[in-house]
Amino acid sequence: MSLSLIELGLNRPLPIEITKITEPFWEGLTEGDFLVARCNNCRRLSFPPRAICPQCHAREFDWQPVSGRGTLYSVSKVEQSPSLYGILSPMRVAVVDLEEGIRIVTRLLPGSNNVEIDANVKLVITSHPDGYHYAARMDDV
Amino acid sequence: MGAQRHSSRVAILGSAATPVGRLAPRYGQMADGLEHDILAEVAADALLDAGISPDRVDAAIFTQNPPTTRQLGFATFMMAQLGLQCRGLVTEVSQLGLTGGVAFDQAAAQIQLGQAEYSLALGVVRQSLGDMSMAMDFGIRAVGDVNFQAPFAIPPIGWYALDCARYIHEHGASREDIAHVTVKSREYARHNPLAQFRQPLSIREVMEQRPIVDPLGLFEVPARADGAICLVLCSEETAVASGQPYVIVSGRGFYHEGHHQISDHPHSITEFASARLAVKTSLVQAGVTLADIDLAELYAPCTITEILVTESIGMFDRGEGYRALLQGDTSIGGRSPVNTSGGCLARGHPPQLTGLYGLLELREQLLGQAGERQVPGARLGLHTCELGNYNATLAHVLEAPQ
């Protein structure tokens, strides 16, 4: 299931070091998927991707796309960011609980007048001059 | 209790500290000294306070300096400043907000292991002239996954802001209710000569400040702060024999939850499990209950953090911490005084040293030396420090000798 793609003019805020462990995730973004890792042994879901499962220490994972549907667990607006991050301040950050039972932290894109905790949000893929990233936005946008 | 427990207890025999604030020079002015000069004088004062000569010190555990300090190899360099020859351990420790507490914990362990007769827990922070963007970058990378969270530039206080927004949502508190922590903190700090901010504030003045990390404004988050502090530790027997005033470390607890900031598997961010568990362990070891505690110094960089810790350790029920605050329970004269030093928001928050300044406040209170902020008859004090979003907590119970 493909997530919405949103074009943003700025580069991603920090250079991202892609590794053999995380490469499938970043590749997934280019195809419209937000992938989480499922432990081959105990079936625990992990995000971010890890070298070993923190629950059983197995080292083999499958990849599974999430639906992108979730709820806003908490939100803040950070008024100032360090200049080297190249972020347009202020920026809303969100703790999002995805319906698969995974919690992530991400940026909350503007556009909604109803930023309310426990309301529905959806994950989106963001396209930057230097590659793809991800964010959330309220479901009413 | 029996002699065995008695013999393993550690005492704080001496202390010295600079006021929290600014140790860096004003623009165009000459510095009083570099970090090692400032700390050398403070350590010498602490030894004078303890009444012991430098050749009695066997171990020194330093808090690692922030990246603004140019002198590296700091702990070993300091040995040359202080002229100390140690058979125990000389090192520096660093673990985010736990740092000061870990220095104390390891200095105490040196005594308990028999590797030192006297040990020092000490450190200096002189960051107030540092580049703000660099400091923010360090903070962001310390409190989030560098590839998957740091790109969203959440500073340490941003995580507490997320706690605050959730707490307001869950319990119907207002931002103003929570901001009263700052007003209370300033009331205590008026009477603390070591405090960074000693002017009282009204709730209106707190609420009028610009937002920093919504829902927290300028006075609801800590300011940049410098400081230097040294505590002198020894065994309880040595302290008794010295004839000097001392306090005893009667309980210690630690817990790490096994995640950093938040887990990828949902859990409450308004309840700090590590604080509950570490404090429980420390109370059991001290042989007391929370009801016996006369005052608490709780590591709380932001207003909301103090409320969440008081609830997490069982001082108040969940969702009741802000009501207890508004009723004055944690204020001067209240039934559960919290952060009588003024805490991070008024005493000030040089992050690596906050744990040591909190322990110093308990020492002064338990020795009856806290002046107008004195909790009458205080005999038992509880201290916590933490890292992450209270993902790990180190707790100590301090006791005045009978």
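Overview of values
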{"item": "Residue check for B:Asp145: within 29 Å of B:Leu360 (Cα to Cα), charged (D, E, K, R), within 11 Å of chain A (Cβ to nearest Cβ) and in contact (Cβ under 8 Å) with a residue 12 or more places away in the chain", "result": "no"}
{"item": "Unmet requirement for A:Arg69, which otherwise passes all of (1) within 11 Å of chain B (Cβ to nearest Cβ); (2) closer than 20 Å to A:Ser46 by Cβ; (3) touching a residue at least 40 places away in the same chain (Cβ under 8 Å)", "result": "(1)"}
{"item": "Answer residue from the range B:248-269, given it is polar (S, T, N, Q) and facing chain A (nearest Cβ under 9 Å) and is nearest to the chain's Cα centre (by Cα) among those", "result": "B:Gln261"}
{"item": "Qualifying residue in the range B:297-310 (condition: touching a Gly at 6+ places or on another chain (Cβ under 7 Å), open to solvent by less than 10 Å² (accessible area, probe 1.4 Å) and assigned to a strand (DSSP E or B))", "result": "yes"}
{"item": "Members of the range B:50-67 found to be in contact (Cβ under 8 Å) with a residue 60 or more places away in the chain and more than 21 Å from B:Gly101 (Cα to Cα), listed by number", "result": "B:Gly51, B:Ile52, B:Arg56"}
{"item": "Residue among B:Thr91, B:Thr68 that alone is open to solvent by 20 Å² or more (accessible area, probe 1.4 Å), farther than 23 Å from B:Ala44 by Cβ and not in a helix (DSSP H, G or I)", "result": "B:Thr68"}
{"item": "Search result, residues across the range A:26-40 that are more than 9 Å from every other protein chain (Cβ to nearest Cβ) and surrounded by 13 or more Cβ atoms within 10 Å (Cβ to Cβ)", "result": "A:Trp26, A:Glu27, A:Gly28, A:Leu29, A:Gly32, A:Asp33, A:Phe34, A:Leu35, A:Ala37, A:Arg38, A:Cys39, A:Asn40"}
{"item": "Scope the range B:156-168; condition within 16 Å of B:Tyr390 (Cα to Cα) and surrounded by 24 or more Cβ atoms within 10 Å (Cβ to Cβ); matching residues", "result": "B:Pro156, B:Gly158, B:Trp159, B:Tyr160, B:Ala161, B:Leu162, B:Asp163, B:Cys164, B:Tyr167"}
{"item": "Among the residues listed as B:Pro211, B:Pro245, the single one being facing chain A (nearest Cβ under 9 Å) and open to solvent by 10 Å² or more (accessible area, probe 1.4 Å)", "result": "B:Pro211"}
{"item": "Pair list, Cβ under 7 Å, 6 or more apart: the range B:366-377 residue over 18 Å from B:Asp292 (Cβ atoms), other residue assigned to a helix (DSSP H, G or I) and open to solvent by less than 50 Å² (accessible area, probe 1.4 Å)", "result": "B:Ala370/B:Glu364; B:Arg373/B:Tyr188; B:Gln374/B:Gln365"}
{"item": "Matching residues in the range B:268-285 - criterion: being of a type outside the set (D, E, K, R) and open to solvent by 50 Å² or more (accessible area, probe 1.4 Å)", "result": "B:Leu277, B:Thr281, B:Val284, B:Gln285"}
{"item": "Condition check for A:Ile21: surrounded by 13 or more Cβ atoms within 10 Å (Cβ to Cβ), modelled with pLDDT under 95 and either within 11 Å of chain B (Cβ to nearest Cβ) or over 20 Å from A:Asp139 (Cα atoms) (or both)", "result": "no"}
{"item": "Unmet criterion (only one of (1) within 12 Å of B:Val181 (Cα to Cα); (2) under 17 Å from the mean Cα position of the chain (by Cα)) for B:Ser341", "result": "(1)"}
{"item": "So A:Arg107, is it within 30 Å of B:Met132 (Cα to Cα), at the interface with chain B (Cβ under 10 Å from one of its Cβ atoms) and open to solvent by 20 Å² or more (accessible area, probe 1.4 Å)", "result": "yes"}
{"item": "Residue count for the range B:10-32, restricted to those that are buried (at least 16 other Cβ atoms within 10 Å of the Cβ) and touching a helix residue (DSSP H, G or I) at 6+ places or on another chain (Cβ under 8 Å)", "result": "11"}
{"item": "A:Phe61, sole failed condition from (1) under 21 Å from B:Ile140 (Cα atoms); (2) aromatic (Phe, Trp, Tyr); (3) modelled with pLDDT of 95 or more", "result": "(1)"}
{"item": "Pairs with Cβ under 7 Å, 6+ apart, first in the range A:73-85 and more than 7 Å from chain B (Cβ to nearest Cβ), second aromatic (Phe, Trp, Tyr)", "result": "none"}
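Here is a yes/no grid of residues against (1) more than 14 Å from chain A (Cβ to nearest Cβ); (2) in contact (Cβ under 8 Å) with a residue 24 or more places away in the chain; (3) within 23 Å of B:Gly328 (Cα to Cα):
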position: B:Met136; (1), (2), (3): no, no, no
position: B:Glu176; (1), (2), (3): yes, yes, yes
position: B:Met207; (1), (2), (3): yes, yes, yes
position: B:Asp226; (1), (2), (3): yes, yes, no
position: B:Thr238; (1), (2), (3): yes, yes, no
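The values are calculated or read from the model by the stated rules, or taken from the named source; none is laboratory data. Computed from a predicted structure; not experimentally measured. We place every Cβ from the backbone using ideal geometry, glycine too, and count neighbours over all the protein chains shown. All accessible areas refer to the heavy atoms of the entire protein, side chains included, with ligands and DNA or RNA removed. Shrake-Rupley method; radii C 1.70, N 1.55, O 1.52, S 1.80 Å.
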